[in-house]
Amino acid sequence: MQTPVTLLDDDSGLVKLYPEWLRNSEAFYQYCRQNLDWQSRTIRLFGKAHVIPRLECWLGDPGLRYGYSGQEYVASGWPEGFKSLLDRFQSQHDFAPNGALMNYYRSGADTMGWHADDEPELGLNPTIAILSLGGARDFHFRQHKDHSQKLKLRLPEGSLLLMSGAVQHHWQHALPKRAQARPRISCTFRRIVA
Ligand SMILES: O=C(O)CCC(=O)C(=O)O
Ligand SMILES: [Fe+2]
């Protein structure tokens, strides 16, 4: 297995990037784009409906639920193309995800705002593995307590970003809007524990 780039490794969390984790990621990008049931979701914020600026799809063990901003998805099993990835997470990273929130950013106008993946159902110090497919995008972290403390990286196609330890307690992350960007899909593998 290739050695990762360690971007953060202290009491505030662990962030590692494997720049070339998936070979031939273009084929997997096309597979996901064409075969998944991409949905446009509307959330209510302060009583107003907003269409979220990306498409989503929830995958995972059959029946697995994921609540997110007042809505709930129910997984109906892993598509065939994901099975070897799950085996690799287990054998190479000692990580057993049971679900993946998939995000499809159709252009640079599609984004993800500042947040931490700190939902109670993910447990205390969750591991989250983000596999990037399609166009590269910038990805930023900022400290909860001091927003001027930032970590900025770029997620190339085929890369895997592993977040673990206390990182969701101390840092937020976001995918900023860009004037120009090729379409991108992120597969964010998680383990729902409760
Ligand atoms: O698309 C990405 O790389 C980030 C996605 C993310 O942060 C999430 O799904 O929680
Ligand atoms: Fe996230």
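The values are calculated or read from the model by the stated rules, or taken from the named source; none is laboratory data. Just so you know, these numbers come straight off a predicted model, no measurement behind them. FYI the Cβ positions are ideal-geometry reconstructions off the backbone, even for glycines, and counts take in every protein chain you see. Note: areas computed on protein heavy atoms with side chains; ligands, DNA, RNA excluded. Shrake-Rupley method; radii C 1.70, N 1.55, O 1.52, S 1.80 Å.
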* Asked: Does G60 qualify as being in contact with a helix residue (DSSP H, G or I) (Cβ under 9 Å, 6 or more places away or on another chain) and open to solvent by less than 60 Å² (accessible area, probe 1.4 Å)?
  -> no
* Asked: Within the range 18-35, is there a residue that is farther than 25 Å from D110 by Cα and either open to solvent by 30 Å² or more (accessible area, probe 1.4 Å) or at pLDDT below 95 (or both)?
  -> yes
Of A174, A129, A116, the only residue that is within 16 Å of ligand 2 (Cβ to nearest atom), of a type in the set (A, V, I, L, M) and touching a Gly at 6+ places or on another chain (Cβ under 9 Å) is A174
